């Protein structure tokens, strides 16, 4: 089903979170970013894995780049950089991570984009993830907000 890449989505489990990542992957283009917002445990890495595996292969090893800051993947259609900026503390560190270069050569996924201190890519899809423990059953909520070239773009989810 084609839906706008905008609005709220309820994700009942990890598989649904990964499917949302895959849906986003199929419309992601070079020069664009997917920014993943939310607290620890909200599902950012699960969504990133779903996106990366949709572009590479289903069994792709997708370690969290928390300590390396960035991990690169080549797919038949797109070079992808997965950034985890959790450990960044100063705006000056941004120049060292190579975000602009990664956008010039492909697309990027950014976990903890708040560490960019307002220097967000213009063509991006913000995905804010939250945990909802409604009725004793934990689900995730995802709010998609498109910017730039993402505005009006549908995803198949």
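The values are calculated or read from the model by the stated rules, or taken from the named source; none is laboratory data. All of these numbers come straight from a predicted model, not from anything done at the bench. When we count neighbours, we look across all protein chains shown, and the Cβ atoms used for this are built from the backbone with ideal geometry, even at glycine.
Among the residues of segment 20-29, write down those that are in a helix (DSSP H, G or I) and in contact with a strand residue (DSSP E or B) (Cβ under 9 Å, 6 or more places away or on another chain). Scanning segment 20-29 gives 20, 21, 23, 24, 25.
Filter segment 123-151 for residues that are part of a helix (DSSP H, G or I) and under 17 Å from the mean Cα position of the chain (by Cα) and give the result. Walk me through how you get there before you give the answer.
At the first step, the residues of segment 123-151 found to be part of a helix (DSSP H, G or I) are 134-136, 148-150.
Scanning segment 123-151 gives 148, 149, 150.
In segment 111-122 there is no residue matching the filter, namely being in a helix (DSSP H, G or I), on the phi > 0 side of the Ramachandran plot and surrounded by fewer than 16 Cβ atoms within 10 Å (Cβ to Cβ). State whether the residues of segment 59-78 include one that is surrounded by 16 or more Cβ atoms within 10 Å (Cβ to Cβ), under 16 Å from residue 14 (Cα atoms), at pLDDT below 95 and under 14 Å from the mean Cα position of the chain (by Cα). Yes, there is a match, as at least one residue in segment 59-78 is surrounded by 16 or more Cβ atoms within 10 Å (Cβ to Cβ), under 16 Å from residue 14 (Cα atoms), at pLDDT below 95 and under 14 Å from the mean Cα position of the chain (by Cα).
Of all residues in segment 78-101, those being in contact (Cβ under 8 Å) with a residue 24 or more places away in the chain and farther than 19 Å from residue 64 by Cβ number 4.
Taken over segment 30-52, the criterion of being over 11 Å from residue 111 (Cβ atoms) and part of a strand (DSSP E or B) is satisfied by 33 alone. Of the set (1) exposed (fewer than 15 other Cβ atoms within 10 Å of the Cβ); (2) assigned to a loop (DSSP other than H, G, I, E, B), all apply to residue 101 but (2).
Hey, among 104, 114, 123, which residue is out of contact with any helix residue (DSSP H, G or I) (no Cβ under 7 Å at 6 or more places or on another chain), touching a residue at least 60 places away in the same chain (Cβ under 8 Å) and under 25 Å from residue 53 (Cβ atoms)?
Values: 114 fails: under 25 Å from residue 53 (Cβ atoms); 123 fails: out of contact with any helix residue (DSSP H, G or I) (no Cβ under 7 Å at 6 or more places or on another chain).
So the residue among 104, 114, 123 that is out of contact with any helix residue (DSSP H, G or I) (no Cβ under 7 Å at 6 or more places or on another chain), touching a residue at least 60 places away in the same chain (Cβ under 8 Å) and under 25 Å from residue 53 (Cβ atoms) is 104.
Pick from segment 1-19 the residues that are touching a helix residue (DSSP H, G or I) at 6+ places or on another chain (Cβ under 6 Å) and part of a helix (DSSP H, G or I): which of them is farthest from residue 124 (Cα to Cα)? It comes out as 14.
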